[in-house]
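Colleague: Pasting a structure here, questions to come.
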Amino acid sequence: MSGDALELDDVQSGVVRPRPTPYSATYVLFRIDDPMAGRQLMRRASEVVASAAHPQSPDADAYVSLSLTCSGLKALGVPKDSLESFLPEFQHGMAARAHVLSDNGESAPANWEKPLGTTDVHVVLTAIAPDSQRLEKALDRARKTYEQMPGITAIWRQDCYTLPTEREHFGYKDGISHPAIEGSGIPGSNPQEAPLKAGEFVLGYRDEMGGYPPMPQPDVLGRNGTYIVFRKLHERVAAFRQYLRDNSEGAAQEEFLAAKMMGRWRSGAPLALAPEHDDPALGADARRNNDFQYGDDAIGFKTPLCSHARRSNPRDGKIAGFVRLHRMLRRGTAYGPPLPEGILEDDGADRGIIFAFVGSHLKRQFEFVQSEWINDSLFFGIPGEPDPVCGPSGSSAVFTIPRRPVRRKMQGLSRFVITRGGEYCFMPSLSALRWLADLKS
């Protein structure tokens, strides 16, 4: 194993390459009913999935990625000793980790959209393209792969999209912040953040601890692969808008409160650089809108300590723990119809975000951020304040906005984001896909 150059030609493009803007996406879940058919699917996928060295698929601007659940690896016939070499969290699955993630109440696995969280989910196919026409073209290629294969069943599909404004349903510009991976050749969005070691995101390389993350065995199966977390999150847009309205005096104050809760104005301009007024030009400028730290704002007068953006990536903020150990690659894609502007009543439509998190350490990356930074705030010195936008808020939840002479405490937060389901997956390298295809019963 080497911690030097990434073997990009063996890494799936979906691991390290940023997505186009705007883009359309589709997630398709499969069940493997016959191991031989599943192995044949792996072989065909190895010929279709683009590598990070050549990110475009045969369909030019579109590409597909493939990942598997632990149940999927079992269905392929992966040996027991290999299965047991995967991270325990992956082996257990996301539904079994609900107590760690605070997926309770309406977000509990019992209420998830089926088949999410069940042992029927074996393979996740992700297709990305700049528009729906090219997306369907890419999916047509994939369909030719699986529809002609008895023993492979498509059991779920979710279509997603990113608007040209790059905003999600709550109205915030999304996809602004992403770290650089050492050896990838792809710059991060914050020039003040040094690239992270490749082993934080791709197995087989040194991580920020100086060692190698635990890797599935044999080496050909684990090396150049990574773990992927998929979550379907329903957004209560009307309830969020109503909360802003009830706690503000006028539209300008609504926007200010929305910015304080997120840590950014809805244009994408960060409070760290535009603390008093929105700056849409700053928000639209990818060279500037993530070029900041929090070191000059220890109390949070500009960006509240418990705002969503600050707690999900504290940067150089003074908190307990080493921030770089918990960085992730995060991709979010909206699904469902937008709620028309100004509407404050729920129309019953399902809308939200499909989140994909990429990292080598499920427990100290995704699960840590979700449980310790999003769901709690002890690390920020303000215990008992969940994330005001996507945390598991209840009737007693509070969000503190530091200000002079008296801080403001927001009361009555509700749960604006509901978990509809999710999966822990492993995204194998291209050589691992071929190894899986060659498995013998």
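Colleague: Is it the case, given these coordinates, that residue 218 is surrounded by fewer than 23 Cβ atoms within 10 Å (Cβ to Cβ), over 26 Å from the mean Cα position of the chain (by Cα) and in contact (Cβ under 8 Å) with a residue 24 or more places away in the chain?
Modeller: Taking the combined requirement at face value, the residue satisfies it.
Colleague: Would you be able to tell me the number of residues in region 281-309 that are outside any loop (DSSP other than H, G, I, E, B) and either in contact with a strand residue (DSSP E or B) (Cβ under 6 Å, 6 or more places away or on another chain) or surrounded by 16 or more Cβ atoms within 10 Å (Cβ to Cβ) (or both)?
Modeller: Of the residues in that region, 4 qualify.
Colleague: Here's another thing I want to ask about it. Please enumerate the residues belonging to region 314-336 that are outside any strand (DSSP E or B), among the basic types (Lys, Arg) and touching a residue at least 40 places away in the same chain (Cβ under 8 Å).
Modeller: Just the residues of region 314-336 that are outside any strand (DSSP E or B), to begin with: 314-328, 336.
Checking the rest, the ones that are also among the basic types (Lys, Arg) come to 315, 318, 324, 327.
If the condition is that a residue be outside any strand (DSSP E or B), among the basic types (Lys, Arg) and touching a residue at least 40 places away in the same chain (Cβ under 8 Å), then 315, 324, 327 are the ones that fit.
Colleague: Considering only region 337-381, state which residues are of a type in the set (A, V, I, L, M) and either exposed (fewer than 15 other Cβ atoms within 10 Å of the Cβ) or assigned to a loop (DSSP other than H, G, I, E, B) (or both).
Modeller: Here is the first cut: in region 337-381, the residues of a type in the set (A, V, I, L, M) are 339, 343-344, 349, 353-354, 356, 358, 362, 369, 374, 378.
339, 343, 344, 349, 362, 378, listed by residue number.
Colleague: Within region 111-167, take every residue that is of a type in the set (Phe, Trp, Tyr) and outside any helix (DSSP H, G or I) and give me the one that is surrounded by the most Cβ atoms within 10 Å (Cβ to Cβ).
Modeller: Of everything passing the filter in region 111-167, 112 is surrounded by the most Cβ atoms within 10 Å (Cβ to Cβ).
Colleague: Consider region 70-89. How many of its residues are under 20 Å from residue 11 (Cβ atoms) and buried (at least 22 other Cβ atoms within 10 Å of the Cβ)?
Modeller: The qualifying residues number 3.
Colleague: Only one residue in 436, 413, 362 is in contact with a Pro (Cβ under 8 Å, 6 or more places away or on another chain), touching a residue at least 60 places away in the same chain (Cβ under 8 Å) and either under 30 Å from residue 223 (Cα atoms) or assigned by TED's automatic domain parsing to the domain that holds residue 219 (or both). Which one?
Modeller: So the residue among 436, 413, 362 that is in contact with a Pro (Cβ under 8 Å, 6 or more places away or on another chain), touching a residue at least 60 places away in the same chain (Cβ under 8 Å) and either under 30 Å from residue 223 (Cα atoms) or assigned by TED's automatic domain parsing to the domain that holds residue 219 (or both) is 436.
Colleague: Going by the structure shown, is residue 429 assigned by TED's automatic domain parsing to the domain that holds residue 82 and either crowded, with 18+ Cβ neighbours inside 10 Å or on the phi < 0 side of the Ramachandran plot (or both)?
Modeller: Yes.
Colleague: Give the residues of region 1-51 that are of a type in the set (D, E, K, R) and part of a strand (DSSP E or B), sorted by residue number.
Modeller: First, pick out the residues of region 1-51 that are of a type in the set (D, E, K, R): 4, 7, 9-10, 17, 19, 31, 33-34, 39, 43-44, 47.
Result: 31, single match.
The values are calculated or read from the model by the stated rules, or taken from the named source; none is laboratory data. Source: prediction; values computed, not measured. Virtual Cβ from ideal backbone geometry, glycine too; neighbours counted across all protein chains shown.
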